[in-house]
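Chemist: Dropping the structure in here first, questions after.
The values are calculated or read from the model by the stated rules, or taken from the named source; none is laboratory data. Bear in mind the structure is a predicted one, so any value in this text is a computation, not a measurement. Cβ placement follows ideal geometry from the backbone for every residue including glycine, while neighbour counts extend to all protein chains displayed.
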Amino acid sequence: MSAAQAQAPAATQPAATQPEGAAAPPGAGSTGGEHIPFVHGPRRRRPLASKRQKVVAGAIVLAALSLLVFKGLTDAMNYYLTANQAVAQRAFLANKDFRIQGTVLDDVRQAGTALDFTIASHGVEVHVVSTGSPSALFKPGIPVVLAGHWQGDIFSSYQIMVQHGSNYVEAPAHHATAAGRPGAANPAGARRGS
């Protein structure tokens, strides 16, 4: 068999079974100027993130959601402190803003641009100096919620909110009802002072 005959059958063999139009890999030559397509196997997709990254991201999201839920619940539970609670926590509260609730006593007086009065809750009195504008309902004997902070032994308030309606939660202090005025607050079930 001559060299020409050995090459002839090789040229007549069919090309590799690859679809047309597929690109040949680099360095893959062709015989006689023909283009021999190259087929890649199925490509494996790279994961978008490693397992560790997913765990870390999940932990961060869970921590953030937990913090938001905790903050929301504590704010809802501690919407305000009663006067006795605020006095007991005075060192912790220091000069942080918070809301305090109590019943206005009889000593309301205007002191320049500020309003000077005392609130009471569960037998504990708190002296208040407020720069906030009281509503028309503000008067001795009613429960109020004040926003502000401690300045020594005085609660410095910048907002006065009159608590009224079905949200009444505390009976007036004995000082407020002892005034004997017909308009003094006396919710159902509250005892008159001593």
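Chemist: Which of the strands (runs of 3 or more DSSP E) found entirely inside segment 85-153 contain at least 2 residues meeting this: assigned by TED's automatic domain parsing to the domain that holds Q163, among the hydrophobic types (A, V, I, L, M, F, W, C) and buried (at least 20 other Cβ atoms within 10 Å of the Cβ)?
Modeler: 98-104, 114-121, 124-130, 143-151
Chemist: Related question: What about A94, is it in contact (Cβ under 8 Å) with a residue 24 or more places away in the chain and within 19 Å of H149 (Cα to Cα)?
Modeler: yes
Chemist: Next question, about the same structure. Tell me, please, whether a residue that is touching a residue at least 12 places away in the same chain (Cβ under 8 Å) and surrounded by 15 or more Cβ atoms within 10 Å (Cβ to Cβ) can be found in segment 68-79.
Modeler: Scanning segment 68-79 turns up no residue that is touching a residue at least 12 places away in the same chain (Cβ under 8 Å) and surrounded by 15 or more Cβ atoms within 10 Å (Cβ to Cβ).
Chemist: Take the residues in segment 144-176 that are more than 29 Å from the chain's Cα centre (by Cα) and modelled with pLDDT of 90 or more, then tell me which one is farthest from A91 (Cα to Cα).
Modeler: The residue in question is I154.
Chemist: If you don't mind, another one. For G112, all conditions in the list (1) under 21 Å from A88 (Cβ atoms); (2) more than 30 Å from the chain's Cα centre (by Cα) hold save one; what is the number of the exception?
Modeler: Condition (1) is where G112 drops out.
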